[in-house]
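One structure is given below, encoded as structure tokens.
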Amino acid sequence: MKSRSIYVITAVVILGLLVAACSGGSIIDPDDEANTLQFEGILLHGSSILITKSNEDQLPQGQLISLSFPDEMEGPPAVGSLYSYEIEPALRESWPPQGTAIKADEIRAFAGHTVISFDTAEMILEHLPGNAYLIDVRTPEEYQDGHVSGAQNIPLDETEEVILTAVPEKADVIIVYCRSGNRSAQASKILEELGYQVILDAGGIIDYKSND
């Protein structure tokens, strides 16, 4: 009788696992960190986050993710802030992928000057066309000789004077680039002093490879 009881219990457990699998469900211990995804990121706009540090294959550095925040959590962090995030492992299929936050801890209230790739810049511009700007801070002559498609030319020495008109909303994303990365870093410092909240540096156009 004892062996028969063991068989019955085992069968019930297996049946339960099969039902969960067939219904698309999963058995996850919410306290098991191995079943969550963790990364660091900057909130760009709304619920859109740029991943700046990650060991997760599903969420590589330079990728974007859109997060929802359950009612029991405080709302999304402030625009431009750098946080560490822990999210549920199930990502909803979309672009960018969508996830649900479990925990968010502030690293810095203002992420500041952040270096990104041109590939990441293109993703951000595609995802946030009305809230992201690509700025070429080289001279007009350099700009005319060739520039990244969609970029506005605001030379470094005119940044402080022109940017407030070109990008009036200081919570919008500004992505800067130059020839080698030196002037874009200087422009980023100027933008920070002017109070812009999301400043990303794509470096030098010498590293740019068009996808056209």
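What to note about this one:
- Failed item, numbered, when SER54 is tested on (1) farther than 29 Å from LEU164 by Cα; (2) touching a Lys or Arg at 6+ places or on another chain (Cβ under 8 Å): (2)
- Among the residues of segment 126-149, some residue qualifies, meaning at least one is aromatic (Phe, Trp, Tyr) and within 16 Å of the chain's Cα centre (by Cα).
- Under the condition of being open to solvent by 60 Å² or more (accessible area, probe 1.4 Å) and modelled with pLDDT of 90 or more, the residues counted in segment 60-77 number 1.
- Boolean, ASP145 is modelled with pLDDT of 95 or more and within 23 Å of SER117 (Cβ to Cβ): yes
- Pairs with Cβ under 7 Å, 6+ apart, first in segment 149-177 and more than 15 Å from ALA202 (Cβ to Cβ), second open to solvent by 10 Å² or more (accessible area, probe 1.4 Å) and β-branched (Val, Ile, Thr): PRO155/THR139; THR159/ILE190; GLU160/ILE190; ALA171/VAL79
The values are calculated or read from the model by the stated rules, or taken from the named source; none is laboratory data. Since the model is a prediction, treat every value here as computed from it, not as a measurement. All Cβ positions, glycine included, derive from the backbone under ideal geometry; neighbour counts span all protein chains shown. To get the accessible areas, we keep the full protein, side chains included, count just its heavy atoms, and leave off ligands, DNA and RNA. Shrake-Rupley method; radii C 1.70, N 1.55, O 1.52, S 1.80 Å.
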